[in-house]
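The values are calculated or read from the model by the stated rules, or taken from the named source; none is laboratory data. Quick caveat: nothing in here was measured; it's all calculated off a predicted structure. Cβ atoms come from the backbone with ideal geometry, glycine included; neighbour counts cover every protein chain shown. All accessible areas refer to the heavy atoms of the entire protein, side chains included, with ligands and DNA or RNA removed. Shrake-Rupley method; radii C 1.70, N 1.55, O 1.52, S 1.80 Å.
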Amino acid sequence: VLKKRLVKLVVNFLFYFRTDEAEPIGALLLEHCRITKEEENVFSISFIEEPERKYCFECDSEEQCQEWIEALKRASYEFMRRSLIFYRNEIQKMTGKDPLEQYGISEEARFQLGTHKQ
C-alpha cells in the first residue's frame with residue numbers, strides 16, 4: 001500500500017511524517033540495512049533481521065532518488081566508524097601523530113582495525 005509521507009534524515013534515523021502533521025509517526029534506525037535501487041525514481045530499505053519486509057520510497061526525480069540513496073548509505077554508524085578509521089590512519093601517515101590522541105581515546109579498541117597493539 002502506497003502512502004504519501006514526508007521524511008527527515010537525522011544522523012542515522014529516518015523519521016517519517018504524515019503530510020499534515022508535525023510529529024513523526026515512526027522512524028527507521030539505519031543500521032544493518034540494505035538500500036536498494038528498485039525502479040527509476042524508487043529505492044527501498046530492508047533490514048538484515050527482517051529481509052522480507054521492505055520499505056519503498058518514491059522520489060520526484062532520478063537525481064533526487066540517487067541523492068537519497070547516497071545520503072542513507074552514509075548515515076549508518078558502521079559507515080561513520082569505517083570513515084573515522086580510514087581518515088585517522090591517513091592523518092597519522094601524513095603527520096606521524098594520532099589525531100585522536102589529544103582526546104585520550106587513541107588506544108580504544110573500537111577504533112582499531114583488526115590488529116592489536118602490544
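Scanning the stretch 38-72 for residues that are free of Cβ contacts under 8 Å to residues at least 24 places away in the same chain, in a strand (DSSP E or B) and of a type in the set (Val, Ile, Thr) returns a single hit, 42. Counting only residues that are in contact (Cβ under 8 Å) with a residue 60 or more places away in the chain and either surrounded by fewer than 14 Cβ atoms within 10 Å (Cβ to Cβ) or over 18 Å from the mean Cα position of the chain (by Cα) (or both), the stretch 1-16 holds 1 of them. Between 13, 43, 47, the distinction of being within 29 Å of residue 81 (Cβ to Cβ) and in contact with a helix residue (DSSP H, G or I) (Cβ under 6 Å, 6 or more places away or on another chain) belongs to 43 only. The set of residues in the stretch 17-37 that are free of Cβ contacts under 8 Å to residues at least 40 places away in the same chain, open to solvent by less than 60 Å² (accessible area, probe 1.4 Å) and farther than 20 Å from residue 66 by Cβ comprises 17, 24, 26, 27. Inclusion of residue 78 among residues that are outside any strand (DSSP E or B), of a type in the set (Asp, Glu), open to solvent by 70 Å² or more (accessible area, probe 1.4 Å) and touching a residue at least 40 places away in the same chain (Cβ under 8 Å) is warranted. Here are some conditions: (1) farther than 24 Å from residue 3 by Cβ; (2) in contact with a strand residue (DSSP E or B) (Cβ under 9 Å, 6 or more places away or on another chain); (3) surrounded by 14 or more Cβ atoms within 10 Å (Cβ to Cβ). Residue 92 meets all but one. Which one does it not meet? All conditions pass for residue 92, except number (2).
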